[in-house]
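Right, one structure below, let's go through it.
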Amino acid sequence: MGLLEEELESLKKLTGMGSYLRLLWIPLEDHDRHGEVKCDVIILYDKDDDVAVRTLRHEFFDHLITKEIVDPLVKYLNLQKNLIDSLIYERKEVIVEKIVALLPEDKSLVVSKLLDDDLPAG
């Protein structure tokens, strides 16, 4: 087991979390990021061991915070938003139907306007 694998196992033991996380180290010369987590795999791109250890720690804790705090909060907020959207839609439909009920049912407004325009002023 290499240095990075040992560090990941130490982080798992220290926190009691992230037992499902795996590690993939792909040292690259030029990459737009140091690391990322995809499908429960921490992917590290740093070539230098010391930098890769720091990136591993960063990605490990970032993932845990996202999974344990951010994702559930976003899910909760989306549920609230959907409920509010539904309530707004229902209330809007009630108001629209009340407005429509105020209009005459026997003829269209276009016909009514045409008929009114044809009548002599009087």
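The criterion of at least 3 residues that are crowded, with 16+ Cβ neighbours inside 10 Å is met by the following strands (runs of 3 or more DSSP E) wholly inside the range 1-57: 41-44. Pull up the range 58-86, narrow it to residues that are closer than 17 Å to E36 by Cα and of a type in the set (F, W, Y), then point me to the one that is surrounded by the fewest Cβ atoms within 10 Å (Cβ to Cβ). Among them, the one singled out is F61. In the range 42-70, the residue that is nearest to L8 (Cα to Cα) out of those that are without any contact (Cβ under 8 Å) to a residue 40 or more places away in the chain and more than 25 Å from the chain's Cα centre (by Cα) is R54. Checking the stated criteria, P120 turns out not to satisfy the condition of being at pLDDT below 95, in contact with a helix residue (DSSP H, G or I) (Cβ under 8 Å, 6 or more places away or on another chain), in a loop (DSSP other than H, G, I, E, B) and not acidic (D, E).
The values are calculated or read from the model by the stated rules, or taken from the named source; none is laboratory data. Predicted model, so just to flag it, every value in this text is computed and none were measured. Because the Cβ atoms are built from the backbone with ideal geometry, glycine has one as well, and the counts that use them run over all protein chains shown.
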